[in-house]
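J.: Sharing a structure here in structure tokens format.
Taken together, the values in this text are just the output of simple stated rules run on the coordinates, not laboratory data. This is a predicted model, so every value here is computed, not measured. Cβ placement follows ideal geometry from the backbone for every residue including glycine, while neighbour counts extend to all protein chains displayed.
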Amino acid sequence: MSLSEEELDEYHDGLVRLQNPHLELMDQDILYHLALGSESHDLVEMFGDVKFVCMGGTPKRAEQFAQYMMHEIGHKLPTGTTLVDISQYSYRYAMYKVGPILSVSHGMGIPSVGILLHEIIKLMYHAKVRNPIFFRIGTCGGIGVDGGTVVISEEAVDGLGQPSFDLPILGKVVKRPAKVDKRLMRDLKLLADPNDPYPTISGKTMCTTDFYEGQGRMDGAFCCFNEKEKMAYLEHLRDEGVVNIEMESLAFTALTHHAGIRSAVVCVTLLDRLKGDQINYPKEVLDEWQQRPQKLVSSYIKKFLKKK
Ligand code: R2B
Ligand code: URA
């Protein structure tokens, strides 16, 4: 069961609550995939001022976003220091901190982002962070929208169109609703610059457990359907309001919602799936496109920090 609105309102202090009574009884909590621990590190000192957690697929993008935000918010590192990957010795995820912003890579797919979320949510708890806001800044395939379009997710559904993250636990399926924070979504949408030479839209996001057949691609090592069946499926998705397909939003929205943490998913489309399967734009074009959702999230963060 996730927290109801009333239960959330009861937590005026905004501290992140864990729904796990066992943690309190442990001598220490090792955040294994982040190479951090509750006893080996002073997590309050290191992370107590975090307000935003921004996740993206690759270690490189996590670093680039951290560099970009350093410039955007005018953050100065202490003299003689450089930006470091705090989790480098985990050899799993990369994590950078720029003032109140954590920029972390989540890898590909639900299992990878799920493991990271357990540990980042625990990190927020140990560090006594109040009311953090999480963003997934990613890439996706568009449905009936041109490459380079920025999509803010209104809802996440699985490959069967169900709006919940279903996880087998002790041999039984536990369902957690993949709910998006509607207010955050609307606030982000309002920040899209009307002068941008590309559209920023919102809509339903389909989250799959595979990039190839699971997303209706015919260019994988295997394919068990024909072109007509593929197009009928993608057109059906479009008619159902699905505007993009990616691989993490379901766990990301469900687990942040379950933890009572506000979150949003902002992705750029790398192609229109109604027109093809292969991503064949030049690297420079793809690199520029990937900065677009970063720019939107940066506008939100800057506006938020100015208000304080
Ligand atoms: C988008 O891009 C990756 C697959 O190429 C996957 O992590 C996703 O959601
Ligand atoms: N990421 C996906 O999951 N699918 C795409 O088509 C592009 C990026």
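J.: Filtering region 232-259 down to residues that are among the polar types (S, T, N, Q) and closer than 19 Å to Val150 by Cβ, which residue is farthest from ligand 1 (Cβ to nearest atom)?
T.: Quick first cut of region 232-259, residues among the polar types (S, T, N, Q) only: 244, 249, 253, 256.
After this cut, where a residue has to be closer than 19 Å to Val150 by Cβ as well, the list is 244, 249, 253.
On the way: Asn244: 10, Ser249: 8, Thr253: 13 Å.
Filtering region 232-259 for residues that are among the polar types (S, T, N, Q) and closer than 19 Å to Val150 by Cβ, the one farthest from ligand 1 (Cβ to nearest atom) comes out as Thr253.
Rundown of residues vs (1) surrounded by 13 or more Cβ atoms within 10 Å (Cβ to Cβ); (2) basic (Lys, Arg); (3) farther than 23 Å from Asp158 by Cβ, yes/no style:
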{"residue": "Leu190", "(1), (2), (3)": "no, no, yes"}
{"residue": "Tyr198", "(1), (2), (3)": "yes, no, yes"}
{"residue": "Cys224", "(1), (2), (3)": "no, no, no"}
{"residue": "Arg238", "(1), (2), (3)": "yes, yes, no"}
{"residue": "Glu246", "(1), (2), (3)": "yes, no, no"}
{"residue": "Gly276", "(1), (2), (3)": "yes, no, yes"}
{"residue": "Glu284", "(1), (2), (3)": "no, no, yes"}
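J.: Another question about this same structure. Say we look at region 151-186 and pick out the residues that are in contact with a Leu (Cβ under 6 Å, 6 or more places away or on another chain), assigned to a strand (DSSP E or B) and touching a residue at least 24 places away in the same chain (Cβ under 8 Å); which of these is farthest from Tyr300 (Cα to Cα)?
T.: Step one: list which residues in region 151-186 are in contact with a Leu (Cβ under 6 Å, 6 or more places away or on another chain), which gives 152, 156, 158, 165, 174, 178.
If we keep only those that are assigned to a strand (DSSP E or B) as well, we get 152, 156, 165, 174.
Next, from what is left, pick out any that are touching a residue at least 24 places away in the same chain (Cβ under 8 Å): 152, 156, 165.
Values: Ile152: 13, Ala156: 21, Phe165: 27 Å.
Of everything passing the filter in region 151-186, Phe165 is farthest from Tyr300 (Cα to Cα).
J.: Provide a single number: the residues in region 39-72 that are of a type in the set (A, V, I, L, M) and part of a loop (DSSP other than H, G, I, E, B).
T.: First, the residues of region 39-72 that are of a type in the set (A, V, I, L, M): 43-44, 46, 50, 53, 55, 62, 66, 69-70.
Filter once more, so that each one left must be part of a loop (DSSP other than H, G, I, E, B): 50.
So the count comes out to 1.
J.: Quick one: how many residues across region 134-150 are surrounded by fewer than 24 Cβ atoms within 10 Å (Cβ to Cβ), within 13 Å of ligand 2 (Cβ to nearest atom) and not in a strand (DSSP E or B)?
T.: Residues flagged as surrounded by fewer than 24 Cβ atoms within 10 Å (Cβ to Cβ), within 13 Å of ligand 2 (Cβ to nearest atom) and not in a strand (DSSP E or B) within region 134-150 amount to 4.
J.: Also, quick follow-up: Which residues, counting only those in region 191-231, are of a type in the set (Ser, Thr, Tyr) and within 14 Å of ligand 1 (Cβ to nearest atom)? If you could, list the steps in order and put the result at the bottom.
T.: Pass one, region 191-231, residues of a type in the set (Ser, Thr, Tyr): 198, 200, 202, 205, 208-209, 212.
Those that are of a type in the set (Ser, Thr, Tyr) and within 14 Å of ligand 1 (Cβ to nearest atom): Thr205, Thr208, Thr209, Tyr212.
J.: Determine if region 89-96 includes at least one residue that is hydrophobic (A, V, I, L, M, F, W, C), touching a strand residue (DSSP E or B) at 6+ places or on another chain (Cβ under 6 Å) and within 30 Å of Arg273 (Cβ to Cβ).
T.: yes
J.: Based on what the data block shows, is Ser263 farther than 17 Å from Met108 by Cβ, in contact (Cβ under 8 Å) with a residue 60 or more places away in the chain and within 16 Å of ligand 1 (Cβ to nearest atom)? Break it down into steps so the answer makes sense when it comes.
T.: Details: farther than 17 Å from Met108 by Cβ: yes; in contact (Cβ under 8 Å) with a residue 60 or more places away in the chain: yes; within 16 Å of ligand 1 (Cβ to nearest atom): yes.
The answer is yes for Ser263.
J.: Looking only at helices (runs of 4 or more DSSP H) that lie completely in region 211-308, which have at least 2 residues being under 17 Å from the mean Cα position of the chain (by Cα)? Show your work before the answer.
T.: Numbers: elements: 227-239, 249-258, 283-307.
Filter on region 211-308 gives 249-258, 283-307.
J.: Any chance region 119-133 includes a residue that's in contact with a helix residue (DSSP H, G or I) (Cβ under 8 Å, 6 or more places away or on another chain), more than 25 Å from Ala94 (Cα to Cα) and buried (at least 24 other Cβ atoms within 10 Å of the Cβ)?
T.: no
J.: Further, regarding this structure: Give all pairs with beta carbons closer than 6 Å in which a residue from region 203-215 that is farther than 9 Å from Glu248 by Cα and of a type outside the set (D, E, K, R) meets a residue that is within 10 Å of ligand 1 (Cβ to nearest atom) and part of a strand (DSSP E or B); count only pairs at least 6 apart in sequence or on separate chains.
T.: Short answer, once both residue conditions are applied: Thr205/Asn244; Met206/Ile245; Gln215/Ile245.
J.: Quick check on my filter: what residues within region 206-218 are among the polar types (S, T, N, Q) and within 10 Å of ligand 2 (Cβ to nearest atom)?
T.: Within region 206-218, the first condition is being among the polar types (S, T, N, Q), and the residues that meet it are 208-209, 215.
If the condition is that a residue be among the polar types (S, T, N, Q) and within 10 Å of ligand 2 (Cβ to nearest atom), then Thr208, Gln215 are the ones that fit.
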